[in-house]
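Trainee: Take this structure, written in structure tokens, and hold onto it; I'll ask about it next.
Where a number appears in this text, it was derived from the coordinates with a stated rule and is not lab data. Remember, it's a predicted structure, so these values are computed and weren't measured experimentally. FYI the Cβ positions are ideal-geometry reconstructions off the backbone, even for glycines, and counts take in every protein chain you see.
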Amino acid sequence: MSAKTLYDKLWETHEVRRNDDGTSLLYIDRQLIHEVTSPQAFEGLRMNQRAPWRTGANVAVPDHNIPTKDREKGIEDPVSKLQIDTLASNTRNLGITNFDMSDPRQGIVHVIGPEQGITLPGMTIVCGDSHTSTHGALGALAFGIGTSEVEHVLATQCLVQAKSKNMLVRVDGKLRRGVSAKDLILAIIGQIGTAGGTGYAIEFGGEAIRDMSMEGRMTVCNMTIEAGARAGLIAVDQITINYVKGRNFAPAGKLWEAAKSYWQTLHSDDAAIYDKVIVFDAAEIKPMVSWGTSPEMVAPVDGIVPLSVDPAKTEQHNNALKYMGLKPGMPIEDITFDKVFIGSCTNSRIEDLREAARIIKGRKVASSISLAMVVPGSGPVKAQAEAEGLDKIFLNAGFEWREPGCSMCLAMNADRLEPGERCASTSNRNFEGRQGQGGRTHLLSPAMAAAAAIEGHITDVTKYYEA
Amino acid sequence: MQKFTSLTGLVAPLDRSNVDTDAIIPKQFLKSIKRSGFGPYLFDEWRYLDHGEPGQDCSNRPLNTDFVLNQDEYKGASVLLTRSNFGCGSSREHAPWALLDYGFQVILAESFADIFYSNCFKNGMLPIVLPADEIGELFQATHNNQGFSLNVDLQTQKITLPSGKEIEFELDEYRKYCLLNGLDEIGQTLSYKEEIQAFEKKHLEKYSWLMHEVH
Ligand code: SF4
């Protein structure tokens, strides 16, 4: 048998049939559902009088529209409320588990999946959300889909898909202290571009990835979609298995042993051939900051806001500078902020909050910052952080400590930027208007966001790790 | 899904290129929980002079009388004629939903954006790609003849004009088959029901830990 990549293995074990046109019918083990992209899928199911194929394969949670404070008051925006109520009634009617707003397990869909053991290695996982790539960190094949496809999976437990090509991004060596998974993925996107991964499933490997915690791996896979690839993947190892063990919905006893021995096969074969391999040197990665309106528009913390070097992209480059209110040549460290947002499915896990709190501890948010907020990714993350006293560290420094949800990552609830406001954000997209109409987003790591909150401008957080 | 076999319908000319999905249905309407009901908000920013919000009653909103769909002679049109790269931008499936809800079943264009094109078929609509010169002639015909209608026949892949002229069009066989039979992709997949069941049985036996379900 020929050598296979992890992606090949996951694909083949889920292929129900191959169609004449070369597409495959793939079996889907798990579907995650949220309130924004699912109502029409449930409506379609009803209109066609179809039942879910396997109810227990689905789990739902409201996250996009949900308020992050004063929850006891309910949801003020009637349109958001209707979307969340609709998710509740659709799931109730069909018997699908929904972690509603009052459930301690509620959180961002891509945080709760791995956290609850709903996401397991070796699975195919889909969700009507592009950041489903996150779950690939556990050695699962996970990708985002559209609303018709959500309905398709509900009704058939399958999807018609064309197989992607294989890409390996290998990160050799070790990351320097204070340089995180977020800096690494921003550097990768900065180099390969937002279309660099189009048509590929990207597997991340190499020493720096092997050394990384599950939280870090999830950050990397989360932003694979920003590099144009629908799926990111990381081989299963002992770190993965330790992470999954004992989670609420993870298998136990005999099933655990069976699962574990299978999961240990979930890595690419040594002789596997990739269509493309890109190599990075971890030691060279510096803390990264986005300066523009696309995740590929990034610079190292000691760099400057660049001039366009590619004539084909000059117009886009200059539009971005104009929107962001920045001039080429300006040092990145001179970028100042109005708001700081620590949260989103990229960076709202316990390790992210610990890293930010380590920088914040005993310090204060700069007086020039009008709002600094921490939005934990889930109820359990929030509870864990509180048990460790992290909430106190943030609150004492002048941060707000909120309830879990997507929040200012996409500003569908009340958390948003005003026109012209500049935000240091640990989220994943810096598109025009993403965090509120006219708002300006700079993507960075939790530690970098914490340091920016203290100093009021971008600063190299690695200095906080010295001595 | 509705079958599509043939249609004789009035043609509305939308003489623009690069019509994006945000123009077809602006983002505030994405908070809707329905697949239907988007028709009144189709091309909202072009059609009305005020700012539309989801759920708003459109009957008393100020109309932009210059916009083609607001002109009496195009009331009831079911064929939209447009230029190149129609449906570009965000992948929102709300765009074909809005066009269909308004009453458009066929869209004639020089080219379509990929995702929009495939989303149309998922909703029983027929997007047809025609060469630029044919599109140009059709625009001319709608200007010269009030109430210009045409017939689209899917089986023969032909458009017939009132003059008797016929225009052939290309289409993927699988998509044609699904449309003609009213088979949505789900229906198509369900035709492999036994294969899926057999696969599932083996799969869940082999990976028995997968059956550890969530409650
Ligand atoms: S946190 Fe942001 S990117 Fe993640 S699922 Fe929510 S809105 Fe999408």
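Trainee: Take chain B, connect every pair of alpha-carbon atoms lying under 10 Å apart with a spring to form a Gaussian network, then pick out the residue of B:SER59, B:SER78, B:SER149 with the largest mean-square fluctuation.
Mentor: B:SER59
Trainee: Which aspartates and glutamates have a Cα less than 20 Å from the Cα of A:LYS313, not counting those fewer than 8 places away in the same chain?
Mentor: A:GLU226, A:GLU296, A:GLU432
Trainee: Need the full-extension length gain, A:LYS254 to A:LYS165, defined as separation in residues times 0.36 nm minus the C-alpha distance. One decimal, nm. Please report the intermediate quantities before stating the final value.
Mentor: Working: separation 89, 0.36 × 89 = 32.04 nm, distance 3.58 nm.
Once the chain is fully extended between A:LYS254 and A:LYS165, it gains 28.5 nm.
Trainee: Which one of B:VAL106, A:MET214, A:THR124 is farthest out on the positive end of the charge dipole of the protein assembly as shown, using unit charges on Cβ (Lys, Arg +1; Asp, Glu -1) and the Cα centre as origin?
Mentor: Ranked along the dipole, the leading option is A:MET214.
Trainee: Using a 7 Å offset from the Cα along the Cα-to-Cβ direction at both A:ILE304 and B:PHE169, what is the distance between the two label points in nm, to one decimal?
Mentor: For the pair A:ILE304/B:PHE169, the computed spacing is 5.4 nm.
Trainee: In region A:72-134, which GluC sites (Glu not before Pro) are in a loop and have at most 15 other Cβ atoms within 10 Å, using DSSP for the loop call?
Mentor: Here the sparse-neighbourhood loop sites are A:GLU76.
Trainee: Can you run phi through the Karplus equation (6.51, -1.76, 1.60; θ = phi - 60°) for region A:197-214 and list ³J(HN,Hα) in whole Hz, with x for Gly and Pro?
Mentor: 3J(HN,Hα) across region A:197-214, in whole Hz: x, 4, x, 10, 9, 9, 9, 9, x, x, 4, 5, 6, 4, 6, 7, 5, 4.
Trainee: Among DSSP beta bridges lying fully in the protein assembly as shown, give the percent that are antiparallel, nearest 5.
Mentor: Working: 25 of 77 bridges.
Of the beta bridges lying entirely in the protein assembly as shown, close to 30 percent run antiparallel.
Trainee: Additional query: How large is the dipole of chain B about the Cα centre if only Lys and Arg carry +1 and Asp and Glu carry -1, each at its Cβ, rounded to the nearest 20 debye? If you can, show how the numbers build up before the last one.
Mentor: Details: 20 positive and 31 negative charges, 109 e Å.
Dipole size: approximately 520 debye.
Trainee: Cut-off is 10 Å between beta-carbons; in what order do A:GLU388, B:GLU170 appear when sorted fewest neighbours first?
Mentor: Details: A:GLU388 14, B:GLU170 8.
Ordered from fewest to most neighbouring Cβ atoms within 10 Å, A:GLU388, B:GLU170 come out as B:GLU170, A:GLU388.
Trainee: Something else: Give me Rg/Rg_expected for region A:9-126, where Rg uses Cα atoms only and Rg_expected = 2.2 N^0.38 Å with N residues.
Mentor: Numbers: Rg = 16.3 Å, N = 118, 2.2 N^0.38 = 13.5 Å.
Normalised Cα radius of gyration, region A:9-126: 1.21.
Trainee: Further question on the same structure: Using a Förster radius of 51 Å, what is the FRET efficiency between B:GLU205 and A:GLU72 based on their Cβ-Cβ separation? Nearest 0.05, please.
Mentor: Working: r = 47 Å, r/R0 = 0.92.
Calculated transfer efficiency: 0.60.
Trainee: Just want the ordering: B:THR142, A:THR132, from fewest to most Cβ atoms lying within 10 Å of their own Cβ. Walk me through the numbers before you get to the answer.
Mentor: Values: B:THR142 24, A:THR132 29.
Ordered by Cβ neighbours within 10 Å, fewest first: B:THR142, A:THR132.
Trainee: About its Cα centre, how strong a charge dipole does the protein assembly as shown have in debye, to the nearest 20, once Lys and Arg get +1 and Asp and Glu get -1 at the Cβ? Could the numbers behind the result be given before it?
Mentor: Numbers: 69 positive and 87 negative charges, 320 e Å.
Roughly 1540 debye, rounded to the nearest 20.
Trainee: Report the calculated FRET efficiency for B:THR160 and B:ARG61 (r = Cβ-Cβ distance, R0 = 30 Å), to the nearest 0.05. Could the numbers behind the result be given before it?
Mentor: Values: r = 37 Å, r/R0 = 1.24.
The pair B:THR160/B:ARG61 has a calculated efficiency of 0.20.
Trainee: How much FRET efficiency would the formula 1/(1 + (r/R0)^6) give for B:LYS34 and B:GLN2, where r is the Cβ-Cβ distance and R0 is 25 Å, rounded to 0.05? Kindly include the intermediate steps, with their values, before the conclusion.
Mentor: Working: r = 17 Å, r/R0 = 0.69.
Result of the calculation: an efficiency of 0.90.
Trainee: Set the bar at 27 Å for Cα to Cα. Now go through A:LYS339/B:LYS27; B:LYS34/B:LYS122; A:LYS182/B:LYS31; A:LYS182/A:LYS392; A:LYS73/A:LYS339; A:LYS163/B:LYS122 and name every pair that lies beyond it. List each step's numbers first, then the result.
Mentor: Working: A:LYS339/B:LYS27 25 Å; B:LYS34/B:LYS122 16 Å; A:LYS182/B:LYS31 30 Å; A:LYS182/A:LYS392 25 Å; A:LYS73/A:LYS339 25 Å; A:LYS163/B:LYS122 20 Å.
A:LYS182/B:LYS31, as the Cα separations exceed 27 Å there.
Trainee: Aspartates and glutamates near B:LYS3 by alpha-carbon distance under 18 Å, same-chain residues fewer than 8 away left out - which ones?
Mentor: The reachable aspartates and glutamates, counting only those whose Cα sits under 18 Å from B:LYS3, are B:ASP101, B:ASP153, B:ASP172, B:GLU173, B:ASP184, B:GLU185.
Trainee: For the residue pair A:ASN396 and A:ASP275, what label-to-label distance in nm results when each label sits 7 Å from Cα along the Cα-to-beta-carbon direction?
Mentor: About 5.3 nm, to one decimal.
Trainee: Now a separate question. For region B:60-129, state which chymotrypsin sites (Phe, Trp or Tyr not before Pro) are in a DSSP loop and have at most 16 other beta carbons lying within 10 Å of their beta carbon. Mind showing how you got there, number by number?
Mentor: Working: sites: B:PHE67, B:TYR74, B:PHE86, B:TRP97, B:TYR102, B:PHE104, B:PHE112, B:PHE116, B:TYR117, B:PHE121; in loops: B:PHE67, B:PHE104.
Listed in order of number, the matching sites are B:PHE67.
Trainee: Additional query: For a paramagnetic label modelled at 7 Å from the Cα of B:ASP20 toward its Cβ, which residues of region A:195-212 fall within the zone defined by backbone nitrogen distances under 19 Å?
Mentor: Once the point is set 7 Å along Cα→Cβ of B:ASP20, A:195 turn out to lie under 19 Å by backbone N, inside region A:195-212.
Trainee: Still on this structure, I have one more. By its C-alpha gyration tensor, with a ≥ b ≥ c as the square roots of the eigenvalues, how is region B:6-181 shaped: rounded for a/c under 1.5, else prolate for a/b larger than b/c, else oblate? Before the final figure, lay out each step's value.
Mentor: Working: a/c = 1.88, a/b = 1.32, b/c = 1.43.
Here region B:6-181 falls in the oblate category.
Trainee: Could you list, bin by bin from short to long, the percent of Cα-Cα pairs of the protein assembly as shown in 20 Å steps?
Mentor: Percent of Cα pairs in each bin: 18, 50, 29, 3, 0.
Trainee: Moving to a separate point now. Within region A:71-174, which trypsin sites (Lys or Arg not before Pro) sit in a loop by DSSP and count at most 14 neighbouring Cβ atoms inside 10 Å? Could you put the intermediate results ahead of the total?
Mentor: Values: sites: A:ARG71, A:LYS73, A:LYS81, A:ARG92, A:ARG105, A:LYS163, A:LYS165, A:ARG170, A:LYS174; in loops: A:ARG105, A:LYS163, A:LYS174.
Filter output for region A:71-174: A:LYS174.
Trainee: Between A:LYS81 and B:GLN146, with labels modelled 7 Å along Cα→Cβ, what's the label distance in nm to one decimal, could you check?
Mentor: Going from the A:LYS81 label point to the B:GLN146 one covers 5.0 nm.
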